[in-house]
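I have placed the structure first, in the form of structure tokens, so that the comments after it can refer back to it.
The values are calculated or read from the model by the stated rules, or taken from the named source; none is laboratory data. Because the structure is predicted, anything quoted here is derived from the model rather than measured. FYI the Cβ positions are ideal-geometry reconstructions off the backbone, even for glycines, and counts take in every protein chain you see.
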Amino acid sequence: MTNLLICGDWHGNAEQARSIIDIASFQGIDKIFQLGDFGQWEHVDSEFQDDVEAYAARKGVTIYFVDGNHDNTALTLSMYDKHDAEGFLMVRERIRYAPRGHRWTWNGTKFLALGGAVSVDKRSRLEREEREKTGPGYYWFPEEQWSWPEWEAWQDENYDVETDVIFAHDKPFNSEPPWNRKAYVECIPNAKALQTAIEWTGAKHFFHGHLHYRYTDLVGAGYNFHTGEPEIWCRVEGLDSDFNTCEGKPEDHWMIVKIEDLRDREVPHA
């Protein structure tokens, strides 16, 4: 069995990153998967990436991430063009980006990356750009989520492609955290697209950040037309944010899973 450490938003917090790398290293884990709002702000500086790269190399850990709404994804895609053997974009030797729609397999378990989300604070970020005269794309990034035509194109090409695990930044529509700090109407289209991704791929597990809130839910998908019952069940794990903005306990930010166990589907008890 191979362990994987999964964690929520970092927001460019190098101290947070080092603490999670330490946890992984202490547990003998060499892979961390970070669920967006990683800290891709290289239009400002690259200190965070350089710091995380050096520390991860020292500890023998590699960090993989999906993009969040507060990551400068367009810049990342324009700055880097080297991919590793599994198709991850290499931001650094020890930092690797999983582009939206990327698929890969670890230990027989099939993964899918679906980053991006809506910034509910878009207006304040645009006002700050105007106030500070930074120019567009400094605090708010237009590519923060897929457009609907992009979603439809992806879905047309990926209908019924079997998946065990989805790593995303945003939540699927059907999950119901006890508290949702992103419960705005503008968030619905992206959440519905992610829900559709569960239905079309049959994903058994879904991990996300974004809400800065730790919860677990079991959601139905692919409802039977005749019975109205779900055809599949997917376990959703929402992870809390970095320690500076964490709403709960520090351990709500991360979890360790066995990769092989993610091929198992949980179903509700009768």
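Here is a yes/no grid of residues against (1) modelled with pLDDT under 95; (2) at positive phi; (3) in a strand (DSSP E or B):
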residue	(1), (2), (3)
P99	no, no, no
A113	no, no, yes
E144	no, no, no
P149	yes, no, no
W154	yes, no, no
I166	no, no, yes
P178	yes, no, no
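Just to check your reading of the model, which residue among E53, E86 is modelled with pLDDT of 95 or more, in a loop (DSSP other than H, G, I, E, B), more than 25 Å from G238 (Cβ to Cβ) and not aliphatic (A, V, I, L, M)?
Details: E53 fails: in a loop (DSSP other than H, G, I, E, B).
Result of the check over E53, E86: E86.
Search the range 208-240 for residues being among the charged types (D, E, K, R) and assigned to a strand (DSSP E or B), and hand back the single one that is farthest from Y64 (Cα to Cα).
E231
Would you check which residues across the range 156-180 are over 24 Å from G39 (Cβ atoms) and either loosely packed, with under 15 Cβ neighbours inside 10 Å or free of Cβ contacts under 8 Å to residues at least 40 places away in the same chain (or both) and list them?
Hits for the range 156-180 are D156, E157, Y159, D160, V161, E162, F173, E176, P178, W179.
Does W140 count as surrounded by 16 or more Cβ atoms within 10 Å (Cβ to Cβ), closer than 21 Å to T201 by Cα and touching a helix residue (DSSP H, G or I) at 6+ places or on another chain (Cβ under 7 Å)?
Answer is no for this residue.
Can you name the residue in the range 195-213 that is modelled with pLDDT under 95 and in contact with a Leu (Cβ under 7 Å, 6 or more places away or on another chain) and is also nearest to W148 (Cα to Cα) among such residues?
Filtering first and then ranking leaves A197.
Determine which single condition T134 fails, assuming it passes every other condition in (1) within 21 Å of E42 (Cβ to Cβ); (2) touching a Lys or Arg at 6+ places or on another chain (Cβ under 7 Å).
(2)
Give me the pairs, please: first residue somewhere in the range 103-129 and free of Cβ contacts under 8 Å to residues at least 40 places away in the same chain, second residue anywhere and among the hydrophobic types (A, V, I, L, M, F, W, C) and part of a loop (DSSP other than H, G, I, E, B), beta-carbon distance under 6 Å, and either six or more positions apart or on two chains.
Cβ pairs passing all conditions: K122/W140; R125/W140; L126/W140.
Applying the selection to the range 180-200, what residues are in a helix (DSSP H, G or I), polar (S, T, N, Q) and out of contact with any helix residue (DSSP H, G or I) (no Cβ under 7 Å at 6 or more places or on another chain)?
N190, Q195, listed by residue number.
Residues checked against (1) within 22 Å of A168 (Cβ to Cβ); (2) among the polar types (S, T, N, Q); (3) surrounded by fewer than 18 Cβ atoms within 10 Å (Cβ to Cβ):
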| residue | (1), (2), (3) |
| --- | --- |
| C7 | yes, no, no |
| Q27 | no, yes, yes |
| I32 | yes, no, no |
| D37 | yes, no, no |
| V44 | no, no, yes |
| A54 | no, no, yes |
| T62 | yes, yes, no |
| F65 | yes, no, no |
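Could you list, in sequence order, all residues of the range 214-248 that are hydroxyl-bearing (S, T, Y), at pLDDT 95 or above and out of contact with any Pro (no Cβ under 7 Å at 6 or more places or on another chain)?
T216
Looking only at the range 2-47, how many residues end up being of a type in the set (S, T, N, Q), closer than 14 Å to H253 by Cα and either under 16 Å from the mean Cα position of the chain (by Cα) or outside any helix (DSSP H, G or I) (or both)?
In the first step, residues of the range 2-47 are kept if they are of a type in the set (S, T, N, Q); the result is 2-3, 13, 16, 19, 25, 27, 34, 40, 46.
Then drop every residue that is not closer than 14 Å to H253 by Cα, which leaves 13, 16, 19, 34.
Keeping just the survivors that are either under 16 Å from the mean Cα position of the chain (by Cα) or outside any helix (DSSP H, G or I) (or both) gives 13, 34.
Total satisfying the criteria: 2.
Against the definition (out of contact with any His (no Cβ under 6 Å at 6 or more places or on another chain), of a type outside the set (A, V, I, L, M, F, W, C), part of a strand (DSSP E or B) and loosely packed, with under 14 Cβ neighbours inside 10 Å), how does T105 come out, yes or no?
yes
For residues in the range 117-136 being under 25 Å from the mean Cα position of the chain (by Cα) and assigned to a helix (DSSP H, G or I), which is nearest to K192 (Cα to Cα)?
Of everything passing the filter in the range 117-136, K122 is nearest to K192 (Cα to Cα).
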